[in-house]
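What follows is a short report on a single structure.
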Amino acid sequence: MDRVEAQEERRRRMRETVISRGFVRTADLAEEFDVSLMTAHRDLDALQAQGWLRKVRGGATGLPSAQFHGSVAERMATMAQTKQQLARAAATLLVSGQTVLLDDSTTCLLLAHQAAEHTPLTVITNSLPAITTLAKEPGISLITLGGAYFPAYDAFMGPHTADAVRAFRADVLFMSTTAVTNGRCYHTSPETVQVKRAMMESAGRRILVADHTKFTKGGLYALAPLTDFELLIVDDGLPAEQIRAVRAAGTEVMVVPARP
């Protein structure tokens, strides 16, 4: 194994250590992986830049927070049944012949799995798992959005991806969000916000698909107010007063049973 391969292997193991333990001190990582404190810091900087974890005072954390959304595996496992129900409801709104924008959320990945039932469709996405899924479907005209690949998101993000989005016009956008606070959507990274704002600008109709727990979470970077979406698809775990408030502000709400 050469030096670069050894570095990548060490960082992979370091990432798994932080995610599995929740929080690890930088000094402990340096000792455990037999590297200098400076090397451990460089490794954590690289992993944070890729979106795998977040550096905090004295160490690193893999726990979801306002500045870190958690790994793809964690997000897929969270509210899995409810997300499946939301995706099914969103799929009923797909119309053959549409051009559809899908973001990199796990909920929209589940929607991608059902897109073949509503072909022909043109689908534009930055999600690598959605690209892999849709590339197998003969009725899907697939447009992929390039840019910098973020392994922790399993998606393409950043300014080049945002520029790629602006080259297209979609009939409808399906998008999820990390958090909804006081009627505004938030995310944990500026790269995510940059791409999602471009998607919103490029779509004729904007649909937010979010389970009720998103209304109890926090995010660091503001994306857009809920009123920028024509429709919110949410499960019945969201309190009735919050549903009324969203509707009163001008956004339609489709309430979906959390269980089949």
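The values are calculated or read from the model by the stated rules, or taken from the named source; none is laboratory data. Because the structure is predicted, anything quoted here is derived from the model rather than measured. Every residue, glycine as well, gets a Cβ built from its backbone with ideal geometry; the counts of neighbours run over all protein chains shown. These accessible areas exclude ligands, DNA and RNA; they are computed on the full protein's heavy atoms, side chains included. Shrake-Rupley method; radii C 1.70, N 1.55, O 1.52, S 1.80 Å.
Checking the structure you have, find out if any residue of the stretch 26-39 is touching a Leu at 6+ places or on another chain (Cβ under 9 Å), under 13 Å from ARG12 (Cα atoms), part of a loop (DSSP other than H, G, I, E, B) and of a type outside the set (Asp, Glu). No: zero hits.
The residue of the stretch 1-17 that is most open to solvent (accessible area, probe 1.4 Å), among those that are within 19 Å of GLY62 (Cβ to Cβ), touching a helix residue (DSSP H, G or I) at 6+ places or on another chain (Cβ under 8 Å) and not basic (Lys, Arg), is THR17. Figure legend. Inter-residue proximity from the stretch 180-196: first residues within 20 Å of THR144 (Cβ to Cβ), second residues open to solvent by less than 10 Å² (accessible area, probe 1.4 Å) and not in a strand (DSSP E or B), beta-carbon distance below 7 Å, spacing 6+ or different chains. Indicated pairs: GLU191/GLY158; GLN194/GLY158; GLN194/ALA162; VAL195/ASN126; VAL195/THR161; VAL195/ALA162; VAL195/VAL165; LYS196/ASP103. Among the residues making up the stretch 127-142, those that are in contact (Cβ under 8 Å) with a residue 24 or more places away in the chain and within 29 Å of LEU47 (Cα to Cα) are SER127, LEU128, PRO129, ALA130, THR133.
A quick yes/no check of all residues on (1) modelled with pLDDT of 95 or more; (2) within 16 Å of the chain's Cα centre (by Cα); (3) open to solvent by less than 50 Å² (accessible area, probe 1.4 Å):
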| residue | (1), (2), (3) |
| --- | --- |
| HIS69 | no, yes, yes |
| ALA80 | no, yes, yes |
| ALA90 | yes, no, yes |
| THR106 | no, yes, yes |
| ALA115 | no, no, yes |
| ASP154 | no, yes, yes |
| ASP163 | yes, no, no |
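Cβ-Cβ distances below 6 Å connect the following pairs, each with a first residue in the stretch 46-59 that is within 11 Å of PHE150 (Cα to Cα) and in contact (Cβ under 8 Å) with a residue 40 or more places away in the chain, a second residue that is open to solvent by less than 30 Å² (accessible area, probe 1.4 Å) and aliphatic (A, V, I, L, M), and a separation of six or more residues or different chains: GLN50/ALA152; GLY51/ALA152; TRP52/ALA152.
On the stretch given as the stretch 197-212, residues that are outside any strand (DSSP E or B), touching a residue at least 60 places away in the same chain (Cβ under 8 Å) and in contact with a Phe, Trp or Tyr (Cβ under 9 Å, 6 or more places away or on another chain) total 1. Annotation note: Cβ proximity below 7 Å between a residue of the stretch 230-254 that is closer than 14 Å to GLN85 by Cα and in contact (Cβ under 8 Å) with a residue 24 or more places away in the chain and a residue that is open to solvent by 40 Å² or more (accessible area, probe 1.4 Å) and in a helix (DSSP H, G or I) (sequence gap 6+ or interchain) occurs for VAL234/HIS212; ASP235/HIS212; GLY237/HIS212.
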